[in-house]
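Below is one structure, written out as structure tokens; comments come after it.
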Amino acid sequence: MMTSKDPQPSVVSFGQSHEKALSVATNILPKLHIRNGRSVFFVDNKPFLMLCAQTNNSSNYVAALPSVWESVEALGANTLQIPVSWEQIEPIEGEFDFSFLDTLLEQARTRNVRVVPLWFGAFKNTSPSYTPPWVKLDNQRFPRMIRPDGDNHYALSPHSQELFMAERKAFTAFMRHLKKYDRQHTVIMVQVENEVGVYGLVRDHSALANSVFEAPVPPELAKNLGLKNGIWRDAFGKDAEEMFTAYAFARYVGRLAEAGREVLNLPMYTNAALRHPTAKQSPGQYATGGPTFNVLDVWKVGAPAIDMLTPDIYLPKSHDYNAVLDQYARIDNPLFVSETGTHDAYPRYFFEVLGRGAIGFSPFGIDDADYKVHPNDITGFKPDDIEGFAANYALIKNAASEWSRLGFENGIWGAARGDNNGSRHFNLGSWLAEVSFDEWPFGYRAWSASNATGLKQPNEFKNAGVLIAKMDENVFLVTGKNARIEFKKNNETLPNQQAIFVSVEEVEFTDAEWLFQRMWNGDQTDYGINFTDLNKTFRITLGSYNSKSAQRSKPKSY
Ligand code: DGJ
């Protein structure tokens with residue numbers, strides 16, 4: 001019943017032209033596919049890369065939409081993530097109001113933008129702030145978690161069946177509304193809850209939760225994790241309370257998603273407030289029980305109706321950022337960066353994220369709705385760099401489907417400039433690529449003459465990165481910003497061969513085709529392909545000749 005992880009041949013066959021696919025596609029449900037460890041998201045029966053814009057939290061009212069659309073346009077996003085909250089659609093129990101949703105979808109359609117509603121229900125950054133008053137004020141019917149001393153904690157209990165039933169009613173009403181009024185699937189995916197978990201507590205100590213904690217671990221979980229049957233403490237030792245809470249949240253969110261998908265089978269995900277990827281943190285210090293990296297396996301068992309557990313990344317340092325991507329890009333978890341910071345440290349990660357085969361990327365809080373989440377230079381980085389994101393989206397926007405298809409079928413790689421400015425190396429099969437960030441467009445930085453040219457220092461190139469997709473064994477599509485890419489023969493496959501460019505074609509994607517603009521050669525390729533701030537895409541064909549030693553094509557004097 002849920003999303004099959006096996007692609008259906010008719011859907012993943014790329015033999016048919018996009019035009020033909022489109023003509024039959026309008027009612028086909030958006031769908032995620034995983035094959036050979038790679039993922040792709042199909043919308044209208046063709047690959048779709050979500051170049052997202054996420055609004056601020058309180059922009060889910062008609063009055064805020066003009067500013068939202070202005071920002072979506074400035075960013076060049078093809079997908080809008082925007083809250084649709086429980087308090088908004090069911091202010092009085094049993095009485096539903098979808099007027100905002102209707103206006104939103106109508107306006108999105110005229111702009112050709114797809115929508116991912118963020119279902120803000122019982123848990124928004126762990127808190128019940130977006131529940132209607134009849135929920136948040138009735139702690140008898142909808143209990144909060146209980147602390148060890150018996151006092152109420154702020155978060156609602158994921159063990160409460162009454163809460164689940166009430167929220168399921170609201171969520172399925174919302175999905176039913178979509179089914180009825182969004183037959184063209186302007187909504188392509190749904191986020192279920194927002195950053196669930198709990199701060200300052202590891203588990204609920206209510207009588208109900210205590211009794212479940214003293215009962216055996218559900219057989220399904222024990223079996224999938226290869227644990228011996230027994231109570232939580234025996235199965236998980238010191239981690240028992242956290243695993244218990246993770247499973248409770250996974251079941252809550254997973255069952256909600258399942259109920260929603262029974263109405264309308266759209267892909268669904270839930271986002272994570274991260275546990276720090278490398279620093280030592282104890283449960284309670286982060287959103288405990290949410291889909292943090294250490295409990296992803298528990299979530300996968302508890303919430304099979306959730307396709308993706310997605311990281312919200314607000315860690316500007318490249319070491320941390322990349323560690324999170326490695327934790328969440330798993331064979332069973334398509335990568336989607338569902339939120340990221342907008343300071344000028346972040347646009348570069350577009351390359352790193354897409355290079356890991358992600359199906360989407362999303363800067364958070366892009367609309368100018370009278371406030372900014374991080375108005376000052378609080379993390380040592382400058383305020384928002386919407387232009388940086390826009391510049392990167394512009395690199396691939398026309399060809400986003402094609403980049404996605406190539407990545408899924410043949411492979412994709414990407415690198416963002418790291419904080420140490422170091423080079424990055426990729427094995428592309430027959431070829432090796434080196435991406436570097438500290439070179440001039442002509443020659444080598446080490447040559448003092450070039451140093452005198454007055455070009456910017458590399459650390460000014462914050463938004464720097466390269467994206468590579470394989471078109472054929474010897475042909476690559478490459479784009480980027482403020483970085484150099486060079487190629488070598490992979491000596492494991494053919495020793496004593498030196499790589500040469502057969503051709504470096506500047507191309508543009510128009511009318512579903514790569515159109516040749518001009519050939520790059522000479523100074524423009526002698527030192528690799530050097531991306532600047534300009535918007536350039538190349539189709540590079542590589543060849544080789546027989547020689548034991550690599551010789552730079554140009555010596556130092558030029
Ligand atoms: C993460 C949350 O998911 C967002 O809704 C928003 O609150 C941001 N944090 C603010 O940084």
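The values are calculated or read from the model by the stated rules, or taken from the named source; none is laboratory data. The structure presented is a predicted model; accordingly, all values stated were derived computationally and were not measured. Glycine gets a Cβ as well: all are built from the backbone with ideal geometry, and neighbour counts include every protein chain shown.
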Subject >> Asn60 closer than 23 Å to Glu195 by Cα, free of Cβ contacts under 8 Å to residues at least 24 places away in the same chain and assigned by TED's automatic domain parsing to the domain that holds Ala394 >> reply: no
Original post:
Residue check: is Phe249 within 16 Å of the ligand (Cβ to nearest atom), over 19 Å from the mean Cα position of the chain (by Cα) and either outside the structural domain of Gly422 (by TED's automatic domain parsing) or not aromatic (Phe, Trp, Tyr) (or both)?
Top reply: yes
Original post:
Does Phe213 satisfy being crowded, with 19+ Cβ neighbours inside 10 Å and under 32 Å from the mean Cα position of the chain (by Cα)?
Top reply: no
Original post:
Give me the pairs: first residue in the stretch 330-346 and among the β-branched types (Val, Ile, Thr), second residue part of a loop (DSSP other than H, G, I, E, B) and within 16 Å of the ligand (Cβ to nearest atom), beta-carbon distance under 6 Å, and six or more apart or on different chains, which are they?
Top reply: Thr340/Tyr346; Thr342/Asp384
**OP:** Might you check whether a residue that is surrounded by fewer than 22 Cβ atoms within 10 Å (Cβ to Cβ) and aliphatic (A, V, I, L, M) occurs anywhere in the stretch 49-63?
**Re:** yes
Original post:
Out of all the residues in the stretch 133-176, which are part of a helix (DSSP H, G or I) and either charged (D, E, K, R) or not assigned by TED's automatic domain parsing to the domain that holds Trp86 (or both)?
Top reply: Lys136, Glu162, Glu167, Arg168, Lys169, Arg176
Original post:
In the stretch 382-399, which residue that is part of a loop (DSSP other than H, G, I, E, B) and under 22 Å from the mean Cα position of the chain (by Cα) is modelled with the lowest pLDDT?
Top reply: Pro383
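Of all residues in the stretch 262-273, which are surrounded by 22 or more Cβ atoms within 10 Å (Cβ to Cβ) and out of contact with any helix residue (DSSP H, G or I) (no Cβ under 6 Å at 6 or more places or on another chain)?
Leu266, Pro267, Tyr269, Asn271, Ala272
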Original post:
So, of the residues in the stretch 68-91 that are of a type outside the set (Gly, Ala, Ser), touching a residue at least 40 places away in the same chain (Cβ under 8 Å) and within 15 Å of Asp368 (Cβ to Cβ), which turns out to be surrounded by the fewest Cβ atoms within 10 Å (Cβ to Cβ)?
Top reply: Glu70
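Could you tell me whether Ile359 is under 30 Å from Arg330 (Cα atoms) and either at pLDDT below 95 or surrounded by fewer than 21 Cβ atoms within 10 Å (Cβ to Cβ) (or both)? Show your work before the answer.
Working: under 30 Å from Arg330 (Cα atoms): yes; either at pLDDT below 95 or surrounded by fewer than 21 Cβ atoms within 10 Å (Cβ to Cβ) (or both): no.
Considered against the rule, which asks whether it is under 30 Å from Arg330 (Cα atoms) and either at pLDDT below 95 or surrounded by fewer than 21 Cβ atoms within 10 Å (Cβ to Cβ) (or both), Ile359 comes out as no.
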